[in-house]
Amino acid sequence: LKKPSQAADLYNQTADYFLAQGSPDRAAESLEKAARAVETTDLPRAFSLYSESCATYESEDRMRFGVETFKRAIALMIKNGRWEDAEAVSVRLGEAFVKLDQRPNFNKQALSTVVICLAAGNVGAANTRLDAFGAVGGFLQSEEGSIAINILEAFENGDEELLASTLKRQHLNFLDNEVTRTARTLKAPPRAQPPPARTDGGVGQPASEALKELQDELEEDGYC
């Protein structure tokens, strides 16, 4: 489009018309088209329009028609490092899958959320999300649940070997492309190294210096 901003304006107006006519799913589609029109020219506006489109699907109980819009929004957020936004939208999509009784899709989205949290460097958030997802029956026993648990264990223990073997598991390929690419780039933080053994008796100086000072004191007092 030669004039993406104007195109977005027209799509936005169309969305208003469809909402007024009682067609929320078509309104949400128009909002997504508006977002896609400005993806390369006005990212803040694109994010805002995607958010409005997703919210329209949610508020009108039309989520079964909005799945792809949510996924495109998440992909755009990941590409641009909007990790917290991507996490939030991913969680909302997962909740929608639960309501739609689509457990296999929920499992994939839950794993995607954990990957997003770890890519953002937020291990605490990943743990919190995993705990919440565990309340959904069957997730922890699923292949996706197992992968999420192993990835988190690798991060917490600095275990690069476990992470590498986990990232080779086939079910990671079943996630959305941008999430799979992100997962392949994960690196476990290095293991915490124990502090070196003290040789100074814990007083903050080498043992040889401490011994020399003691000898000097003894000489001054006439003991040597």
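Values in this text are rule-based calculations from the coordinates and carry no lab data. Owing to the predicted nature of the structure, the values given are computational and were not obtained by experimental measurement. Cβ atoms come from the backbone with ideal geometry, glycine included; neighbour counts cover every protein chain shown.
Annotations for the structure displayed:
- Net dipole in debye of segment 74-126 [+1 Lys, Arg Cβ; -1 Asp, Glu Cβ; about Cα centre; nearest 20]: 140
- The mean sequence separation of alpha-carbon pairs under 8 Å and at least six residues apart, normalised by the residue count of segment 1-50, gives a relative contact order of 36 percent.
- Gained length - LEU186 relative to GLN13, 0.36 nm times residue gap less alpha-carbon distance: 58.1 nm
- Segment 6-47 and segment 85-154 have Cα centres separated by 29 Å.
- Computed magnitude of the charge dipole of segment 1-148 (debye, nearest 20; Cβ of K, R +1, Cβ of D, E -1): 380
- Share of pairwise Cα separations in segment 34-125, more than 17 Å, in percent: 47
- Applying 1/(1 + (r/R0)^6) with r as the Cβ-Cβ distance of ASN177 and VAL123 and R0 = 22 angstrom yields a FRET efficiency of 0.35.
- Relative contact order (percent, whole number), segment 89-161, Cα cutoff 8 Å, 6+ residue spacing: 26
- Kirkwood estimate for segment 1-65, i.e. one over the average of 1/r between Cα atoms, Å: 11.4
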